[in-house]
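K.L.:
Right, I'll just put the structure down here and ask away after.
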Ligand code: PFF
């Protein structure tokens, strides 16, 4: 049996493993490698890990299976999908579609930074990247190089998308994802065996209840939920799009479990690389695991510089980050391309060219926001931070909240069950998904939406 997308000539995944690896490729990205480890370190190590895993198998599972089922059942891009479920919810499709339009450009800008570091380490110049951070601020502070690297990353992403779902996305994911796993395991084993890594491992894996309060627990849950969203590529139309390319005969439930294991596994492994390594380097100071770009582009180059074989470890590390970022940007771009193809009845190549043009304009705002236009801010934020904030903190929770209302209360969770049962005799997660969609996810989304406004996390 062909997928509904294949029937309509859009192309589709040719195998279950191809779908799972592509969706896992979307999920495993920059979020897993630098965001997860520092959040885990900040919110009590093992406690964060436990809360994250519980949320992944409940909240994450529900939202992911819902989105993939919507995609497979409608066979449409995110805009068409929500419209065909209920006309009154057409606006939701548009809102979800706007998220990858905002994220793809700045994600490619950061992808470009990763390429710069990859070439720096591979060229034996890793020592230059170490130091007080002036290498990084000097690099992003002048527009020329970041523009070149941004375009290289953007064009590489677009080339894969142009090749189509099966020949481009599926083929590249089947190659890149196994490589990524091997590289991650390799560096994790190496950094865990460094002298003094044990302290970092304990810090990362064992729950830390020092100064523990109820407020702290709530903040940890909110942070873990936010991260889950980001990490699993939810509420931005990606899983709806990939679901529309999925074959009808493949198991939805099993596929979602496999994607989750992949995504969470790589995140936990990334922590095993980063937390012990930074611990050894800083002499046991957890504060060195600072947030944001500083961790990846300033702290880690220093860590690599200080370790035996750091040049090689640094190169391998940035190859792995580049692979992870690339498979995610491919999924972000494919979502935009699928919308343009469907809305304007265009073929893939022209739709890709339009997407490149949009990304070029919005991406340049992010590049210039750190250099020539660094005086220009939006609500006190630079362009890149602003794009990140409105998409992740505002639009994505709203999309997820309204999706839960739509499926939990308007169509009823049977909408998901019917699609699961197309390829299975039993929907094991039925009770869980029903309770989550109708009540728990809705409460969770409201918490995510209001937390940044009531407390400073
Ligand atoms: N899930 C991917 C990651 O963890 O990096 C892709 C992604 C998610 C990109 C959310 C951007 C984003 F805002």
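Computed from the coordinates by the stated procedures, all read-outs in this text should not be read as laboratory data. For clarity, every value in this text was computed on a predicted model and none was experimentally measured. So basically every Cβ, Gly included, is an ideal-geometry build from the backbone, and we count neighbours across all protein chains shown.
K.L.:
Given points 7 Å out from each Cα along the Cα-Cβ axis, report the residue 449 to residue 86 separation in nanometres with one decimal.
P.N.:
About 1.5 nm separates the two model spin labels.
K.L.:
Taking the number of other C-beta atoms within 10 Å as the exposure measure, put 330, 358 in order starting with the fewest. Don't skip to the answer; put the middle values down first.
P.N.:
Working: 330 25, 358 14.
Fewest-to-most Cβ neighbours within 10 Å comes out as 358, 330.
K.L.:
Summing -39500 (n - 2.57) over the DSSP H runs of n ≥ 4 in the chain and dividing by its residue number, what mean residue ellipticity at 222 nm do you reach, to the nearest 500 deg cm²/dmol?
P.N.:
On the way: 23 runs with 313 residues, N = 457.
Taking each H run of at least 4 residues, the total per residue is -22000 deg cm²/dmol.
K.L.:
If you don't mind, there's one more thing I want to ask. Let me have the relative contact order for the range 335-402, percent, based on Cα pairs under 8 Å that are six or more residues apart.
P.N.:
Numbers: 30 pairs, mean separation 11.7, N = 68.
That works out to 17 percent.
K.L.:
At q = 0.07, 0.11, 0.14 Å⁻¹, work out log10 I(q)/I(0) for the chain with the Debye formula, treating every Cα as an identical point scatterer and leaving solvent out; two decimals please.
P.N.:
Listed by q, the Debye log ratios stand at -0.33, -0.84, -1.39.
K.L.:
While we're looking at this one, here's another question. Between rounded, prolate and oblate, where does the range 340-389 land on the alpha carbon gyration tensor, with a ≥ b ≥ c its root eigenvalues, rounded for a/c under 1.5, else prolate if a/b exceeds b/c?
P.N.:
On the way: a/c = 4.95, a/b = 2.61, b/c = 1.90.
Here the range 340-389 falls in the prolate category.
K.L.:
Applying a 10 Å radius around every beta-carbon, put 33-41, 332-340, 430-438 in order of their mean neighbour count, most first.
P.N.:
Working: 33-41: 24.8, 332-340: 27.4, 430-438: 18.7.
Put in order of decreasing packing, that is 332-340, 33-41, 430-438.
K.L.:
If packing is taken as the average number of other Cβ atoms within 10 Å across a peptide's residues, how do 276-289, 73-86, 137-150 rank, most packed first?
P.N.:
Ranked from most to least packed, the peptides come out as 73-86, 276-289, 137-150.
K.L.:
As a footprinting exposure proxy, order 128, 342 by other Cβ within 10 Å, with the fewest listed first. List each step's numbers first, then the result.
P.N.:
Values: 128 13, 342 19.
Ranked by crowding around the Cβ, least crowded first: 128, 342.
K.L.:
Which peptide among 59-65, 421-427 comes first, and what is the full order, when sorted by highest mean count of other Cβ atoms within 10 Å? Could the numbers behind the result be given before it?
P.N.:
Numbers: 59-65: 25.3, 421-427: 13.7.
The densest-packed peptide leads the list: 59-65, 421-427.
K.L.:
Just report the Cα centroid separation between the range 332-346 and the range 109-129, whole Å.
P.N.:
The range 332-346 and the range 109-129 have Cα centres spaced 32 Å from each other.
K.L.:
While we're here: What is the order of 247, 72, 428, 347, fewest Cβ neighbours within 10 Å to most? Mind dumping the intermediate values first?
P.N.:
On the way: 247 20, 72 28, 428 12, 347 8.
Ordered by Cβ neighbours within 10 Å, fewest first: 347, 428, 247, 72.
K.L.:
Under a crude label model (7 Å from the Cα following the beta-carbon direction), how far is residue 189 from residue 308 in nanometres?
P.N.:
Result: 1.7 nm between the two label points.
K.L.:
Relative to the present Cα-Cα distance, how much length would full extension add between residue 15 and residue 357 at 0.36 nm per residue of separation?
P.N.:
Values: separation 342, 0.36 × 342 = 123.12 nm, distance 3.18 nm.
Fully extending the segment from residue 15 to residue 357 adds 119.9 nm.
K.L.:
Right, here's the next one. With label points built 7 Å along Cα→Cβ from the Cα atoms of residue 344 and residue 376, find their separation and express it in nm.
P.N.:
Result for the modelled spin labels: 2.3 nm.
K.L.:
When only Cα pairs under 8 Å and 6 or more residues apart are kept, what is the percent relative contact order across the range 1-97?
P.N.:
On the way: 45 pairs, mean separation 21.0, N = 97.
Once divided by the residue count of the range 1-97, the mean separation gives 22 percent.
K.L.:
Now a separate question. Subtracting the Cα-Cα distance from 0.36 nm times the residue separation, let me have the gained length for residue 206 to residue 156 in nm, one decimal. Could you put the intermediate results ahead of the total?
P.N.:
On the way: separation 50, 0.36 × 50 = 18.00 nm, distance 4.04 nm.
Stretched out fully, the residue 206 to residue 156 stretch lengthens by 14.0 nm.
K.L.:
While we're looking at this one, here's another question. Is any residue of the range 131-171 close enough, with backbone N under 16 Å, to a label point placed 7 angstrom from the Cα of residue 122 along the Cα-Cβ axis, and if so, which?
P.N.:
149-157
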